[in-house]
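One structure below.
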Amino acid sequence: MRSVASIAHQTLREVEWRMARSPTADQGPKPRRLVEWIKAEEAEVVDTLQQTLGGEIELMVEESYPAGKYSLLEG
């Protein structure tokens, strides 16, 4: 099983890729632990992506997802 850090970094790379190609906001329901980890450990990265690429990242918990699953929505 992959670590929370590994999944969080993958998520942030995908958010960066999507924001770079589209000015719309990315929203992604993610398991609670992943969201909490990103907010605690990578808040500066999220802020930098939003400022640099001119979009908004909203981290949302989807309780029905199993550990390690996430999705990214463009809105």
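The values are calculated or read from the model by the stated rules, or taken from the named source; none is laboratory data. If you're wondering where the values come from, they're calculated on a predicted model, not measured in any experiment. For neighbour counting, all protein chains shown are included, and Cβ atoms are generated from backbone atoms with ideal geometry for every residue, glycine included. We work out accessible area using only protein heavy atoms, side chains counted, and drop any ligands, DNA or RNA first. Shrake-Rupley method; radii C 1.70, N 1.55, O 1.52, S 1.80 Å.
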Six or more apart or on different chains, Cβ under 7 Å: which pairs go from a residue in segment 40-54 that's of a type outside the set (D, E, K, R) to one that's part of a loop (DSSP other than H, G, I, E, B)? Could you list them? 50/56; 54/23
Close pairs from segment 1-18: first within 17 Å of residue 44 (Cβ to Cβ) and among the polar types (S, T, N, Q), partner open to solvent by less than 60 Å² (accessible area, probe 1.4 Å) and not in a loop (DSSP other than H, G, I, E, B), Cβ under 8 Å, at least 6 apart: 11/28; 11/30; 11/34; 11/38
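Of all residues being aliphatic (A, V, I, L, M) and modelled with pLDDT under 75 in segment 18-55, which is most open to solvent (accessible area, probe 1.4 Å)? Just the residue, please.
Going residue by residue through segment 18-55, those that are aliphatic (A, V, I, L, M) are 19-20, 25, 34-35, 38, 40, 43, 45-46, 49, 53.
Filter again for modelled with pLDDT under 75, leaving 19-20, 25.
Values: 19: 6, 20: 72, 25: 29 Å².
By that ranking, first place goes to 20.
Hey, can you tell me all the residues within segment 1-20 that are of a type outside the set (Lys, Arg) and over 10 Å from the mean Cα position of the chain (by Cα)? Quick ask: steps written out before the conclusion?
Just the residues of segment 1-20 that are of a type outside the set (Lys, Arg), to begin with: 1, 3-12, 14-17, 19-20.
Matches in segment 1-20: 1, 3, 4, 5, 6, 17, 19, 20.
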